[in-house]
1. Could you please tell me which pairs satisfy a Cβ distance under 9 Å, a separation of 6+ or placement on different chains, a first residue in the stretch 67-91 that is on the phi < 0 side of the Ramachandran plot and surrounded by 10 or more Cβ atoms within 10 Å (Cβ to Cβ), and a second residue that is in a helix (DSSP H, G or I) and modelled with pLDDT under 90?
2. Taking residue 22 as the residue in question, decide whether it is surrounded by 10 or more Cβ atoms within 10 Å (Cβ to Cβ), at pLDDT below 90 and not in a loop (DSSP other than H, G, I, E, B).
3. Tell me yes or no: at least one residue of the stretch 100-107 is surrounded by 13 or more Cβ atoms within 10 Å (Cβ to Cβ) and assigned to a helix (DSSP H, G or I).
4. Only one of these is loosely packed, with under 10 Cβ neighbours inside 10 Å and assigned to a helix (DSSP H, G or I): 36, 11, 97. Name it.
5. Go through the residues of the stretch 64-87 one by one and say whether even a single one is touching a helix residue (DSSP H, G or I) at 6+ places or on another chain (Cβ under 9 Å) and at pLDDT 85 or above.
């Protein structure tokens, strides 16, 4: 039984493949280790041990790639937030050093 798409398919674009792409897809199709790795990366192959259509395999690889892009984008975003927080904290420290203490005029 071939894996079916979970959502409604709205478009079926063509995908040019090189000889290396074909070799990589064959490896994913035949190697249990590569299939598990694809599942862990976000490819929707859970529980599929039987034949896998070419379209379903390509979609799983596509999903895994999208998940990798999402994770990389999140890492970049978190790094930008951390950098902004460091800049804000530095600006607050600089402002605190310039400000007279509240008790300075009590004398």
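1. none
2. Details: surrounded by 10 or more Cβ atoms within 10 Å (Cβ to Cβ): yes; at pLDDT below 90: no; not in a loop (DSSP other than H, G, I, E, B): yes.
Spelling it out, it is not the case that residue 22 is surrounded by 10 or more Cβ atoms within 10 Å (Cβ to Cβ), at pLDDT below 90 and not in a loop (DSSP other than H, G, I, E, B).
3. no
4. 97
5. Looking for residues that are touching a helix residue (DSSP H, G or I) at 6+ places or on another chain (Cβ under 9 Å) and at pLDDT 85 or above, one finds at least one in the stretch 64-87, hence yes.
The values are calculated or read from the model by the stated rules, or taken from the named source; none is laboratory data. Fair warning: this is a prediction, and the values are worked out from it, not measured in the lab. Here Cβ is always computed from backbone atoms with ideal geometry, including for glycine, and neighbour counts include all displayed protein chains.
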